[in-house]
Amino acid sequence: MDATRGELFIVASPSGGGKTTLIRRVMQELAAQGREPHFSISHTTRPPRPAERHGVDYHFVDRASFQRMVVAGEFLEFAEVHSNLYGTSRAEVEGRLERGCDVFLDIDVQGARQVRASVPDAVKVFVFPPSYVELRRRLVARGQDDEAAIELRLKNAVQEMREYAEFDFVIINDRLEEATRALASVVAAARMRPFRMRARVQAILEEFERAVKKED
Ligand code: ADP
Ligand code: 5GP
């Protein structure tokens, strides 16, 4: 584990759980602190929603192009979700981590499992909606999916939520302000893991060793 690499955050939830909103809010805070966080833009075969833009929300591609990328080994992970293909390209993630940028992935539980296998120190966060009724309300209020798409997402939500114990942290996204604080706390805590603290801790340890030697 290389302490100079950026941190990889996997944020999963059922659709409408609020992961995109939370990630964007925490990224704004990080940017204000002078960091360079990056939101990984996935590839998908799903058609764009009215408010979505190619290259901003997703890279929208057809199935043939997606499959070509699979065969070429260009994906860090990919999965079929709600009857569409979604994948995280290596190009979105690897160079940035090398350069020390923190990278946020908004992906489903199948993808989270695949990333865990290849990036074991990735920090995995699962976002829960506060209730079924509220998740339905948010999906409808978002106004981006038709009724059939919303029903499919609600139907699949239970299966996805049952996997929460595979994650390092669980956030219940009831009040947005509190949930944002919770995700910001996870980001801060991740930086306190021993391999991240090694350089600073080592300097203090060496100072102690010198002091103890002098007293001997
Ligand atoms: P996801 O990325 O998980 O699909 P979004 O971030 O798009 O979910 O959130 C779904 C909808 O719910 C959006 O319209 C968003 O503004 C809204 N939302 C997210 N979190 C909250 C919250 N805590 N309270 C009220 N509305 C929320
Ligand atoms: P939506 O169609 O609502 O944008 O996303 C549907 C689901 O696909 C969400 O759970 C979202 O996290 C997931 N998803 C988005 N991008 C990716 C990706 O690159 N890989 C995987 N495995 N899931 C993704």
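The values are calculated or read from the model by the stated rules, or taken from the named source; none is laboratory data. Owing to the predicted nature of the structure, the values given are computational and were not obtained by experimental measurement. Cβ: placed from backbone, ideal geometry, glycine included. Neighbour counts: every protein chain shown. For the accessible areas, the whole protein counts, side chains as well, though only heavy atoms, and no ligand, DNA or RNA atoms are used. Shrake-Rupley method; radii C 1.70, N 1.55, O 1.52, S 1.80 Å.
Just wondering, is there one or more residues in region 117-130 that are more than 14 Å from ligand 1 (Cβ to nearest atom), polar (S, T, N, Q), over 28 Å from Gln33 (Cβ atoms) and outside any loop (DSSP other than H, G, I, E, B)?
Yes - at least one qualifying residue is present in region 117-130.
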key: Set Val170, Val158: member being in a helix (DSSP H, G or I), more than 12 Å from ligand 1 (Cβ to nearest atom) and of a type in the set (A, V, I, L, M)   = Val158
request  = From (1) within 16 Å of ligand 1 (Cβ to nearest atom); (2) in contact (Cβ under 8 Å) with a residue 24 or more places away in the chain; (3) under 14 Å from the mean Cα position of the chain (by Cα); (4) under 25 Å from Arg175 (Cβ atoms), pick out the condition that doesn't hold for Arg24.
outcome  = (2)
Test: residue in region 52-62 that is surrounded by fewer than 16 Cβ atoms within 10 Å (Cβ to Cβ) and touching a residue at least 24 places away in the same chain (Cβ under 8 Å) = yes
inquiry  = Can you tell me how many residues within region 139-185 are hydrophobic (A, V, I, L, M, F, W, C) and touching an Asp or Glu at 6+ places or on another chain (Cβ under 8 Å)?
reply    = 2
query = Taking region 173-196 as the region of interest, how many residues are in a helix (DSSP H, G or I), open to solvent by 50 Å² or more (accessible area, probe 1.4 Å) and either touching a residue at least 24 places away in the same chain (Cβ under 8 Å) or aliphatic (A, V, I, L, M) (or both)?
reply = 1
